[in-house]
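What follows is calculated from the coordinates using simple rules that are stated; it is not laboratory data. Computed from a predicted model, the values in this text were never measured in an experiment. Heads up, the Cβs are rebuilt from the backbone with ideal geometry, glycines too, and the neighbour counts pull from every protein chain shown.
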Amino acid sequence: MCGIVGYVGEREALPIILDSLKRIEYRGYDSCGVFVLEDGEPKLHKDAGTIDHLKKNLSESEYKGKVAIGHTRWATHGAPSKKNAHPHLDGKGEIAVVHNGIIENYQLIKEELLSLGCKFVSETDTEVIPHLINLSLKKKALLKKVSSEKFDWQLKEAVREALACLNGSYAIIVAAKGFDGLIAARKESPLIIGVGDRENFIASDVPAVLEQTNRVIYLEEGDLAVVKKESIYIENGGAEVRREGRLIPWTIEDAEKGGYEHFMLKEIHEEPRAIMDTLRGHIAEDGINLGIDFKIEGGAKGRSILMVACGTSYYATLCGKQIIENLAKVPVQVELASEFNYSDFVLDGTNIIAMAITQSGETADTLMALKKAKRYGSKTVALTNVVGSSATRIADETIYMGAGPEIGVAATKSFVAQLVIFYLLGLSLAKMPESEFVGYLEELKRMPQIAQIVLDEANGDIQKHARYFSKYEHAFFIGRGVNLPIALEGALKLKEISYIHAEGYAAGELKHGPFALLTEDTPVVVILTHDNVYEKTLGNVKEIKARGAPVIAIAEEGDEEVEKYVDAVIRVPGTSAIFSPIPNTVALHLLAYWTAKERGCEIDKPRNLAKSVTVE
Ligand code: M6R
């Protein structure tokens with residue numbers, strides 16, 4: 001969703017704000033804006049389009065000042081346009097607000113404010129906030145009539161009063177004429193403070209501040225902070241609270257492109273490292289250590305696992321279900337978070353471990369599902385990539401994947417890192433002979449090399465296949481068993497970045513309807529690595545070929561048989577069937593990337609999308 005940033009310190013604020021916004025542009029990129037206080041005097045610049053576009057039309061020398069806020073938008077209320085871009089101002093243009101979230105009751109508030117004579121210029125929900133703050137200040141009749149210390153306090157109180165009127169979710173930063181700091185507050189939307197030396201930073205996400213500092217304070221639900229260059233005051237429910245800073249282990253290089261044309265390509269190339277780091281984080285001398293006490297007995301009467309997730313994380317979770325059930329024989333139920341939230345809860349919550357699988361730890365639907373499971377008495381676990389994210393604060397326990405910051409809107413390395421956690425979880429819950437366990441673990445430890453082989457040896461062929469694949473407008477991705485979710489992921493990745501309509505399907509299901517769509521213009525990508533249903537899938541391929549559709553197979557090195565039946569083959573190294581999702585995923589991520597590149601798409605910023613979806 002939207003990205004918001006703020007700076008207060010001794011340096012020129014604008015370049016810092018623009019750089020920070022650029023670093024979290026993955027949160028939204030349809031319009032943006034900045035508000036700078038030059039010697040306390042406000043200056044606003046905003047427009048539709050990206051940060052680069054904004055910069056082009058902005059003479060930085062005209063926006064001098066040591067306090068500033070900025071916003072990069074993913075539209076919810078009101079089309080992406082200059083007037084709807086943030087920051088939004090009060091009627092006098094003295095109070096500016098950037099906001100991420102949704103104010104559900106804004107229409108009612110707006111009507112009330114209109115009746116009081118407030119003038120609105122945008123169609124957004126956010127614009128009510130600066131008006132409410134101004135009104136609250138006016139009521140006190142204190143604006144500019146008190147000492148600066150009192151004004152700070154009055155402004156903080158006015159923000160608090162304004163927020164008390166709002167239903168919905170928000171992370172906001174407020175700047176105001178005559179105020180030498182910033183006010184930040186959060187409810188159900190993420191917000192962090194980057195702690196510097198005689199300067200402080202506020203942002204939606206850590207990558208925004210990594211260039212400046214590794215020390216970060218995560219604001220908690222309901223926190224309101226007054227941030228100045230040398231002080232950070234935080235209160236919650238009207239009382240001062242202490243929030244410890246954390247050192248973030250990511251480096252700025254982790255969050256930069258490092259010579260790759262796109263973050264997505266860089267992150268695909270980081271898949272071996274993401275697997276390795278995730279393994280390293282959880283394999284100790286004495287075995288697997290996920291840091292969680294699962295205590296699952298298995299079987300219908302014992303505890304079972306409920307997993308909730310969205311998008312790519314959901315597909316990883318579908319794969320995880322099969323991995324855990326296969327290795328540990330523990331039942332796993334997987335639900336789309338957005339559906340789970342409004343369905344009946346018919347399980348005995350107290351007998352369930354509920355896991356939320358979320359790269360960002362901020363996906364609104366997933367957080368809601370986590371809270372729902374908690375309400376029903378389940379023990380809750382977050383599996384996430386982001387230290388201190390909202391999911392970690394809601395869940396009883398957290399398992400971190402070790403993917404490092406993922407910037408590309410299309411999730412890639414976090415997917416394989418999630419799979420690694422599922423292998424580890426399955427093995428740690430398994431009751432199998434030691435030798436079998438060691439065999440699995442050893443093979444799991446080889447997965448970084450397996451992923452690397454795909455990158456080194458299949459990449460060229462995939463680029464070649466992508467050239468003709470990119471000419472089509474529809475495609476199917478099919479697989480079976482543990483590779484059905486991988487087919488779903490392959491299709492999702494392709495559609496979100498190349499805009500080719502792609503459907504993931506169970507290989508055996510095409511004949512139950514979708515066959516009607518097969519023509520010579522509908523390529524089918526089939527996952528054909530060896531497993532107990534290889535022959536069946538090969539049978540499906542023959543049926544598809546008989547209907548004239550071109551077939552690309554992902555098949556193992558040395559499988560010559562497959563050449564007879566398909567039009568093109570992407571080779572991956574052989575593994576045990578249960579580990580085949582790893583090489584197959586890397587291959588499909590590359591196929592999506594090169595196809596989108598061939599079509600000239602905006603790969604890191606696909607249209608209409610945002611990296612983390614913090615609205616329902
Ligand atoms: O941060 P999360 O894992 O909770 O995000 C869930 C989805 O929004 C995300 O996976 C989305 O589907 C990606 N754009 C897919 O590439």
Q: Using R₀ = 35 Å, calculate the FRET efficiency as 1/(1 + (r/R₀)^6) where r is the Cβ-Cβ separation of Asn351 and His77; round to 0.05.
A: 0.25
Q: Specify which residue in the list Ile305, Ser576, Ala507 is farthest towards the positive end of the charge dipole of the chain, using unit charges on the beta carbon of Lys, Arg (+1) and Asp, Glu (-1), about the Cα centre.
A: Ile305
**Q.** Computed magnitude of the charge dipole of the stretch 3-254 (debye, nearest 20; Cβ of K, R +1, Cβ of D, E -1)
**A.** 580
Q) For Asp293, Asp47, Asp521, what's the fewest-to-most ordering of other Cβ within 10 Å of each Cβ? A) Asp293, Asp521, Asp47
Q: Report, in debye and to the nearest 20, how large the dipole of the chain comes out about its Cα centre when Lys and Arg carry +1 and Asp and Glu carry -1 on their Cβ.
A: 1480
Q: Neighbouring Cβ atoms within 10 Å as the yardstick, rank Glu543, Glu41, Glu267 fewest first.
A: Glu41, Glu543, Glu267
Q) What is the calculated FRET efficiency for Glu10 to Tyr499, with r their C-beta to C-beta distance and R₀ = 45 Å, to the nearest 0.05? A) 0.45
Q.
For the chain, take the longest principal axis of its alpha carbons; what is the angle in degrees between that and the long axis of helix 128-140, to the nearest 10 within 0 to 90?
A. 30
Q: Kindly list the residues of the stretch 81-99 that lie in the label zone of Leu116, defined by a backbone N under 19 Å from the point 7 Å along the Cα-to-C-beta vector.
A: 88-98
Q: Go ahead and collect, in residue order, the members of the stretch 358-372 whose backbone nitrogen is under 16 Å from a label point 7 Å along the Cα-Cβ direction of Glu221.
A: 361-372
**Q.** Selection from Phe477, Ile453, Leu538, by position along the positive dipole direction of the stretch 453-616 (Cβ)
**A.** Phe477
Q | Net length gained if the chain between Ser231 and Lys177 were fully extended (0.36 nm per residue, minus Cα distance) | A | 17.5 nm
Q: Using per-residue counts of other Cβ atoms within 10 Å, averaged over each peptide, order 18-26, 351-359 from highest down.
A: 351-359, 18-26
Q) Among the trypsin sites (Lys or Arg not before Pro) within the stretch 429-478, which fall in a DSSP loop and have no more than 11 other Cβ atoms within 10 Å of their own Cβ? A) Lys431
Q. So how much slack lies between Glu616 and Glu339, counting 0.36 nm per residue of separation and subtracting their Cα-Cα distance, in nm?
A. 98.6 nm
**Q.** Centroid-to-centroid separation of the stretch 236-299 and the stretch 320-343 [C-alpha atoms, Å]
**A.** 22
Q: Measure nothing fancy, just the Cα-based angle from helix 413-429's long axis to the longest principal axis of the chain, in degrees from 0 to 90, nearest 10.
A: 60
Q: Set the Förster distance to 41 Å, then compute FRET efficiency between Ala239 and Lys92 from the Cβ-Cβ distance, nearest 0.05.
A: 0.85
Q. Roughly how many whole Å is it from the C-alpha centroid of the stretch 1-67 to that of the stretch 520-570?
A. 51
**Q.** Using alpha-carbon coordinates, inclination of helix 534-546 to the longest axis of the chain, degrees
**A.** 80
Q.
Shape verdict for the stretch 231-332, please, from the Cα gyration tensor: rounded (a/c under 1.5), prolate (a/b greater than b/c) or oblate.
A. oblate
Q. Once you list every other residue whose beta carbon is under 15 Å from the beta carbon of Pro485, what net charge do they have if Lys and Arg are +1 and Asp and Glu are -1?
A. -3
Q) What is the spin-label model distance, in nm, from Glu557 to Lys374 if the labels are put 7 Å beyond Cα along the C-beta direction? A) 4.8
Q) In what sequence do Asp559, Asp180, Asp197 fall when counting other Cβ within 10 Å, fewest first? A) Asp197, Asp180, Asp559
Q: In vacuum, with every alpha carbon of the chain counted as one equal point scatterer, what does the Debye formula give for log10 I(q)/I(0) at q = 0.07, 0.10 Å⁻¹? Two decimals, please.
A: -0.46, -0.89
